[in-house]
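Following: one structure in structure tokens, then a few remarks.
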There are 2 protein chains.
Amino acid sequence: MNKTFYYHKEDFEKMQERYRAKFINSLSGFKSANLVGTKSKDSQTNLAIFSSFFHLGADPALMGCIIRPHTTPRHSLENIRETSTFTLNHINESFYQKAHRTSARYPREISEFQATGLTEEYIKGFFPPYVKEATIKMGLKLIREIPIIENNTVMLVCSVENVILCNDFIKSDGHIDIELAGTVCVSGLDSYHSTNLLQRLPYAKWRNDEQT
Amino acid sequence: MNKTFYYHKEDFEKMQERYRAKFINSLSGFKSANLVGTKSKDSQTNLAIFSSFFHLGADPALMGCIIRPHTTPRHSLENIRETSTFTLNHINESFYQKAHRTSARYPREISEFQATGLTEEYIKGFFPPYVKEATIKMGLKLIREIPIIENNTVMLVCSVENVILCNDFIKSDGHIDIELAGTVCVSGLDSYHSTNLLQRLPYAKWRNDEQT
């Protein structure tokens, strides 16, 4: 590796704001790419792109995400607080450009479903809309908000209430082949990537005689 | 999409434990792939794979991660608590198999650096070791632990203290091309993927005359 540079945190502070946002956003690695579908009590739907959802636990099935209440996805947050429910829809290679367009600042009365041409889908009485075009989608429930006082963001702790997907994606051991499903990932603020499986690796053992 | 199945959360509870772990772990989407380097006060080094790091904020530069204190990476957590510092090293396509092997349950006195053949590197007096083979690496400081009472996990809030990388990866706008750097991503518990850039998309606007 030639030309290795060392940046100290004082160097971040000297960066221009947008430059810093892109630089620091890239550092954690690849991120999940999801569309959050919500509906207000007065039936206004909303769709917003999130790259901040992460796995919290399998038993019970929990997910977390980070929201900046004072910036773009505030309509989503208002709807989630009002109804405690939302849908999470994997962004697929076939519609990632439409998904990105949900990040524009539409007025409240415009649904990003209509604006982007993605389709609302209602399944088994769950209140907010799923994205019909998504090949993996879920219904989530807000359990708790945790304030992150260090930067005035909020972490949402959510339970997974239901999952809708094609059984062809599920391997015999429970692993879901999200690459086969066409799920994309994000790096930084605006870079979309498809994936190539390198390998699934077996449970790592220290010694061959170790009990798993 | 043929053969679409609907799973309710009661279905998760009926799944066998390892099946459920793999199934639920796949749901949030692609995950970051990092190696955490730590050193205890008595100079025992440790290296552990994490797929739970996420971006928290750019100003100040913050990252979060989820740790299960009662399972595998407990030596890492002990060292982080003892010294408040650790390194975060992007897992590269060239060494993802070695990185995966750090998840075996080595005894405390065995360093995963030695066990896997990855190389300790010390830079500018930062206490814990970086991974020499990593093309993007950082020094982090623990700021706060947040208990996630819903499943007895802990979220670490961490500040980014320094970043070491090749300047060739940094675009003129600050975005870091982590794909060019060879960074991989993870799905589920054990699936490693390289990426293909689809596109970087411009800032989304509702109308062409909107101010950015």
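Has segment A:118-128 got at least one residue that is part of a loop (DSSP other than H, G, I, E, B), in contact with a Leu (Cβ under 8 Å, 6 or more places away or on another chain) and either more than 11 Å from A:Thr87 (Cβ to Cβ) or at pLDDT below 95 (or both)?
Taking every residue of segment A:118-128 in turn, at least one turns out to be part of a loop (DSSP other than H, G, I, E, B), in contact with a Leu (Cβ under 8 Å, 6 or more places away or on another chain) and either more than 11 Å from A:Thr87 (Cβ to Cβ) or at pLDDT below 95 (or both).
Looking at segment B:141-182 only, could you name the residues that are touching a residue at least 24 places away in the same chain (Cβ under 8 Å) and small (Gly, Ala, Ser)?
B:Ser159, B:Ala181, B:Gly182
Taking B:Cys166 as the residue in question, decide whether it is touching a strand residue (DSSP E or B) at 6+ places or on another chain (Cβ under 8 Å) and buried (at least 22 other Cβ atoms within 10 Å of the Cβ).
When the stated conditions are applied, B:Cys166 does not pass them.
Yes or no, residue by residue, for (1) surrounded by 14 or more Cβ atoms within 10 Å (Cβ to Cβ); (2) touching a Cys at 6+ places or on another chain (Cβ under 9 Å); (3) assigned to a loop (DSSP other than H, G, I, E, B):
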position	(1), (2), (3)
A:Asp173	yes, no, yes
A:Glu179	yes, no, yes
A:Val186	yes, no, no
A:Tyr192	yes, yes, no
A:Thr195	yes, yes, no
A:Leu198	yes, no, no
A:Tyr203	no, no, yes
A:Arg207	no, no, yes
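Please go through segment A:159-192 and pick out each residue that is more than 7 Å from chain B (Cβ to nearest Cβ) and in contact with a Gly (Cβ under 7 Å, 6 or more places away or on another chain).
none
Collect the residues in segment B:40-50 that are crowded, with 22+ Cβ neighbours inside 10 Å and either in contact (Cβ under 8 Å) with a residue 60 or more places away in the chain or away from chain A (no Cβ under 13 Å) (or both), keeping them in residue-number order.
B:Asn46, B:Leu47, B:Ala48
For A:Ile146, only one of the following conditions fails: (1) within 7 Å of another protein chain (Cβ to nearest Cβ); (2) under 30 Å from B:Pro60 (Cβ atoms); (3) among the hydrophobic types (A, V, I, L, M, F, W, C); (4) surrounded by fewer than 15 Cβ atoms within 10 Å (Cβ to Cβ). What is its number?
Going through (1) within 7 Å of another protein chain (Cβ to nearest Cβ); (2) under 30 Å from B:Pro60 (Cβ atoms); (3) among the hydrophobic types (A, V, I, L, M, F, W, C); (4) surrounded by fewer than 15 Cβ atoms within 10 Å (Cβ to Cβ) one by one, A:Ile146 breaks only (4).
Out of the residues in segment B:58-83 meeting the condition of being in contact with a helix residue (DSSP H, G or I) (Cβ under 8 Å, 6 or more places away or on another chain) and part of a strand (DSSP E or B), tell me which one is surrounded by the fewest Cβ atoms within 10 Å (Cβ to Cβ).
Ranking the qualifying residues of segment B:58-83, first place goes to B:Ile67.
Filter segment B:133-143 down to the residues that are at the interface with chain A (Cβ under 7 Å from one of its Cβ atoms) and not hydrophobic (A, V, I, L, M, F, W, C) and list them by number.
Passing the criteria: only B:Thr135.
Scan segment B:84-104 for residues that are farther than 19 Å from B:Ser32 by Cβ and either surrounded by fewer than 16 Cβ atoms within 10 Å (Cβ to Cβ) or of a type in the set (A, V, I, L, M) (or both) and report the count.
Here the count works out to 2.
What tally of residues in segment A:1-39 results from selecting those that are surrounded by 17 or more Cβ atoms within 10 Å (Cβ to Cβ) and over 22 Å from B:Lys137 (Cβ atoms)?
Looking only at that region, the number is 8.
Looking only at residues that are part of a loop (DSSP other than H, G, I, E, B) and either free of Cβ contacts under 8 Å to residues at least 60 places away in the same chain or not hydroxyl-bearing (Ser, Thr, Tyr) (or both) in segment A:10-39, which one is farthest from A:Leu118 (Cα to Cα)?
A:Met15
State all residues of segment B:95-115 that are more than 11 Å from chain A (Cβ to nearest Cβ) and not charged (D, E, K, R); if no residue qualifies, say none.
Across segment B:95-115, the qualifying residues are B:Phe95, B:Ser111, B:Phe113, B:Gln114.
Among the residues of segment A:178-212, which ones are farther than 19 Å from A:Phe95 by Cβ and acidic (Asp, Glu)?
A:Asp209, A:Glu210
How many residues, within segment B:91-116, are part of a loop (DSSP other than H, G, I, E, B) and either in contact with a helix residue (DSSP H, G or I) (Cβ under 6 Å, 6 or more places away or on another chain) or at pLDDT below 95 (or both)? Step through it out loud before you land on a result.
Step one: list which residues in segment B:91-116 are part of a loop (DSSP other than H, G, I, E, B), which gives B:91, B:93-95, B:102-111.
Still in the running and either in contact with a helix residue (DSSP H, G or I) (Cβ under 6 Å, 6 or more places away or on another chain) or at pLDDT below 95 (or both): B:91, B:102-111.
Final tally of qualifying residues: 11.
For segment A:155-171, which residues satisfy the criterion of being in a loop (DSSP other than H, G, I, E, B) and touching a His at 6+ places or on another chain (Cβ under 8 Å)?
Correct list: empty.
Answer yes or no: is there a residue in segment B:118-135 that is crowded, with 23+ Cβ neighbours inside 10 Å and more than 19 Å from B:Ser40 (Cβ to Cβ).
Taking every residue of segment B:118-135 in turn, at least one turns out to be crowded, with 23+ Cβ neighbours inside 10 Å and more than 19 Å from B:Ser40 (Cβ to Cβ).
The values are calculated or read from the model by the stated rules, or taken from the named source; none is laboratory data. Remember, it's a predicted structure, so these values are computed and weren't measured experimentally. Note that we place each Cβ from the backbone using ideal geometry, even for glycine, and neighbour counts take in every protein chain shown.
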